[in-house]
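**Student:** Pasting in a structure now, in structure tokens, and then I'll have a few things to ask.
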């Protein structure tokens, strides 16, 4: 349990140092993890791996919060998950929509060339 206490103390100290509230920390952490995985793994924004990494990190974070709170979920658990995943999910969906449209346009163009 010492790891849990150190983790919670580190989160609070980091939030205080950055002058961020808990909701702001979740938004920023989700985006930071998402883009870090995109850059490190050299994946496109439409890849599911960055979103999976954010989801795993957030679930681990909430697990630590659960342990810290005496194995009870804090009341802000669901809102923390939503705040962390919202923008990475929006980026992922938007990138996939653009990717789908690009591929569909390329396919239409290829079909038009073969008909001509």
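**Student:** What is the Cα centroid distance between region 60-116 and region 29-46, reported in whole angstrom?
**Tutor:** Each part reduced to its Cα centre gives a spacing of 12 Å.
**Student:** What is the order of 7, 100, fewest Cβ neighbours within 10 Å to most?
**Tutor:** 100, 7
**Student:** May I pose another question? Counting other beta carbons within 10 Å of each residue's own, what order do 39, 51 fall into, fewest first?
**Tutor:** Taking fewest neighbouring Cβ atoms as first place, the list is 39, 51.
**Student:** Mind pulling the angle between the C-alpha long axis of helix 77-115 and the longest principal axis of the chain? Nearest 10 degrees, somewhere in 0 to 90.
**Tutor:** Helix 77-115 sits roughly 10 degrees off the main axis of the chain.
**Student:** Label points 7 Å out from Cα along the Cβ direction at residue 101 and residue 114: separation in nm?
**Tutor:** 2.5
**Student:** Helix 22-41 against the longest principal axis of the chain: what's the angle in degrees, Cα atoms only, rounded to the nearest 10?
**Tutor:** It works out to around 50 degrees.
**Student:** Next question, about the same structure. Along Cα→Cβ, 7 Å out, is where each label goes; now give me the distance between the ones at residue 73 and residue 14 in nm to one decimal.
**Tutor:** Going by the 7 Å Cα→Cβ label model, 2.3 nm.
**Student:** Roughly what angle does helix 2-18 make with the longest principal axis of the chain, taking Cα atoms, 0 to 90 degrees, to the nearest 10?
**Tutor:** The angle comes out at about 70 degrees.
**Student:** Which label marks the calculated value of Cα extents along the principal axes in Å, given the options [x] 38, 33, 24; [y] 70, 26, 21; [z] 66, 22, 22?
**Tutor:** Recomputing Cα extents along the principal axes in Å here gives the entry labelled [y].
Each reported figure results from applying straightforward, stated rules to the coordinates on display, with no laboratory input. Because the structure is predicted, anything quoted here is derived from the model rather than measured. Using ideal geometry, Cβ is built from the backbone for each residue, glycine included, and neighbour counts are taken over all protein chains shown.
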